[in-house]
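The values are calculated or read from the model by the stated rules, or taken from the named source; none is laboratory data. Source: prediction; values computed, not measured. Counting neighbours? That spans all protein chains shown, and the Cβs are built from the backbone with ideal geometry, glycine included. Calculation scope for accessible area: heavy atoms of the full protein, side chains included, ligands and nucleic acids excluded. Shrake-Rupley method; radii C 1.70, N 1.55, O 1.52, S 1.80 Å.
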Amino acid sequence: MARPERIRLGDLLIQESLLSTAQLDEALAEQKKSGRKLGRIFIDRQWVTEVQIAKAVARQLRAPFIDLSTRNLRREVAALLPETHARRLRALPIEDNAGPGGPLRVAMADPTDISAYDELARLTRREIDLAVVAESQLLAALDRVYRGGDEIAGLARELTNDITTVQDEIGDLLGLGNVTTEDAPVVRLLSMMFEQALRTRASDIHIEPQERNLRIRFRIDGVLHVQTEADAKIAGAVALRLKLMSGLDISEKRLPQDGRFHVKLKTSAVDVRISTLPTQHGESVVMRLLNQSAGLLSLDNLGLPDAVAQALARTLARPSGMVVVTGPTGSGKTTTLYAALNALNDSERKIITVEDPIEYRLPGLNQVQVMEKIDLSFARVLRAALRQDPDVILIGEMRDQTTAEIGLRAALTGHLVLSTLHTNDALSTPLRLIDMGVPRYMVALSLHLVLAQRLVRTLCSQCAEPHTPDPQEQEFLRLALGGGGFQLDRGDLGADANAEPDVPAARWHKPRGCSECNQTGYRGRSGVYEFIEMTQELVEAMNDNDPARFTQAGRRQMAGHTLRRDALRLAAAGRTSIEEAMRVGSQLDE
């Protein structure tokens, strides 16, 4: 494509019958007052859409219009233009089929920007073949492809240079001296880090000093990804600024510390839980991000299987009893409990939570933060909470015999109690409570429902591809199914309502990787569940002091509804891979 010419956007849209002369005059008058771009005024007034404008410009320039929302972008092609320039010029290389020296196809939101076109040609040293895209799609594509790594690395290098040349002005570096806080190098680095973590849906940020560098990693969908590696010199300044933000002791570098702070970004507000740990090369910092703007999931949106949802609803409708959600760290227990609290939270109930730490703040609840260093323990808070006339009590975790006994006794005396426990599956939870020293009769009478869960990564909808199980996976399926039929819930595969599909009808898929999912093949996570209800049979087996009888009765109740089977159902429906189902299965003893 030849060098573009300027286009009078208003005249073009009138010519395309997308805009009237009166609307153009009105927009020009507003532009004269506000200085805003004419196209943005058209869009904000809902006269035209971004896509309509982009298609009209493409037709005028005889250039292709490309829908970036469904396009698989290649990071090696995008890397031909550095991230900082791509964001500044609103441009993204998307095709390089001609090889070195040939034309490079670049998507632009404003292809009539001649100066940007000339700079693209200079930066890439290539002939530019323009394609037109909608601006919002371009910005989303930039976030998908670059992931902010270059910008974070650039800010880290800037901070390194400042530390090297201004050793005596650490206050300015941290935003404590004459420099405004927003302009301090370390503040800009941390702001970019938090913004990029939210864009990529990261749950945690790990800042880890090594011998020669500082490694920054994000945990996305349960897996750590290296975001950037910076000079080790900045580790102290980064840790110091974070400790100042969270009110920790900046003079103490020999002991672990925990804290919390709140960050307001352009698009959302985030609560951050911070933990520091002294290591061989400096203080390691891990931050858990709790996005308050995202809101809490409701029970309806958790994706619970019908049987699980019905059992949980039955138990939550009772005035007393205990619900225990179990699983390892990072299995989504807190999300499930807060969804249950959301369902219970109304003006007729008094709800008290005892947590360490408080992860989400809910209006209408009385939330108490446990602080062991001042002897404000779970047991002490629970005893006081029971004198506050609560209807519902949430115990963040039953860590010892005393806490478990108080919680179960509260469930016996007319309170609905929700809590968590770290056990491998649902069946082992009642036995674990007995092992902790809780009386057998108390477990049998107070415990009403145990819900065990895990999180599996869901396949990226843009790049998942059909898959035939390999021999190892076929053997796993054979063992997992025990040689019996594998029945899926109606509707999982879109099957006929009168037919129950089995393994041959399953839609197995595998990950491939694309720019949408950061080349992992997965995007987001879903829960897999199993549960036991303390029926009369299980209560009798529990009181019989025969663990084998209790286990056998529990397995009969759970037949076909285990964590492993639930993971296989998601895999058979094409929502996750057999590999992920195998990962869940490898953690269990069935």
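Here are some notes:
- Between the range 520-572 and the range 104-119, the Cα center-to-center distance that results, in Å: 58 Å
- E516 - accessible surface, heavy atoms, 1.4 Å probe, Å² rounded to 10: 40 Å²
- The chain, accessible surface, carbon-and-sulfur percent (1.4 angstrom probe): 47 percent
- Only Lys, Arg, Asp and Glu carry charge here, each on its Cβ (+1 for the first two, -1 for the last two); on that basis the chain has a dipole of about 600 debye about its Cα centre.
- Table column - 3J(HN,Hα) (Hz), the range 541-554, Karplus curve with 6.51, -1.76, 1.60, x for Gly and Pro: 5, 5, 6, 7, 6, 10, x, 5, 5, 5, 4, 5, 5, x
- Backbone amide hydrogens, once placed in the peptide plane, bring D204 within less than 5 Å of R219, L289, excluding anything fewer than 5 places away on its chain.
- Degrees between helix 235-245 axis and first principal axis of the chain (Cα, 0 to 90, nearest 10): 70 degrees
- Net charge over other residues, Cβ less than 11 angstrom from the Cβ of R105 (K, R count +1; D, E count -1): -3
- Cβ crowding within 10 Å averaged over residues, with 412-418, 107-113 ranked highest first: 107-113, 412-418
- Mean separation of Cα contacts under 8 Å, 6 or more apart, over the residue count of the range 240-281: relative contact order %: 33 percent
- Protection proxy ranking, highest mean first, for peptides 390-401, 121-132, 566-577: 566-577, 390-401, 121-132, where packing is the per-residue count of other beta-carbon atoms within 10 Å, averaged.
- Highest to lowest packing among 15-21, 320-326, scored as the average C-beta count within 10 Å: 320-326, 15-21
- Stretched out straight at 0.36 nm per residue, the stretch from R45 to N97 would grow longer than its current Cα-Cα span by 14.8 nm.
- Cα centroid separation - the range 363-399 against the range 56-75, whole Å: 56 Å
- Taking amide H positions as modeled 1.01 Å from N, with prolines and chain starts lacking one, the residues under 5 Å from L451 and 5 or more places away or on another chain are V324, V325, T326.
- Relative contact order (%) - criterion: Cα under 8 Å, at least six apart; region: the range 197-326: 19 percent
- Vicinal HN-Hα couplings computed from phi for the range 446-455 (Karplus, 6.51 cos²θ - 1.76 cosθ + 1.60; Hz; Gly/Pro x): 8, 6, 9, 8, 10, 10, 9, 8, 9, 10
- N72/N291 FRET efficiency (R0 30 Å; Cβ-Cβ; nearest 0.05): 0.65
- Greater than 30 Å apart at Cα, pairs in K32/K264; K253/K333; K243/K266; K266/K350; K37/K266: K32/K264; K253/K333; K266/K350
- Label-zone membership for the range 388-429, site E372, 7 angstrom Cα→C-beta point, backbone N under 16 Å: 396-404, 422
- Which of S515, G414, P430, positive extreme of dipole for the chain (C-beta unit charges): S515
- Residue (of Q60, L18, L104) at the positive-pole extreme of the range 1-135, dipole from beta-carbon charges: L104
- Nearest 10 degrees, 0 to 90: helix 21-34 Cα axis against the chain principal axis: 80 degrees
- Label corresponding to Cα Rg over 2.2 N^0.38 Å when calculated from the structure given, among [x] 1.06; [y] 0.99; [z] 1.15: [z]
- For A134, neighbours were defined as the other residues whose beta-carbon sits under 10 Å from its Cβ, and their charges (Lys and Arg +1, Asp and Glu -1) total -2.
- Calculated from backbone phi, Karplus (6.51, -1.76, 1.60) coupling profile of the range 421-431 in Hz, x at Gly/Pro: 8, 8, 10, 7, 8, 5, 5, 7, 5, x, 5
- Dipole of the chain computed with +1 at Lys/Arg Cβ and -1 at Asp/Glu Cβ about the Cα centre; of Q472, Y360, I152, farthest Cα towards the positive end is I152.
- Mean separation of Cα contacts under 8 Å (6+ apart) over length of the range 24-131, as relative contact order %: 19 percent
- For the chain, accessible area per residue (1.4 Å probe, heavy atoms of protein chains only), Å²: 47 Å²
- Taking amide H atoms as placed 1.01 Å from N in the peptide plane, the amide H of A269 lies under 5 Å from those of Q292, S293, each 5 or more residues away in sequence or on another chain.
- Put H509, H422 in order of accessible area, highest first, and with a 1.4 Å probe you get H422, H509.
- Rounded, prolate or oblate (a/c below 1.5 giving rounded, otherwise prolate when a/b exceeds b/c) for the range 322-449 by Cα gyration tensor: rounded
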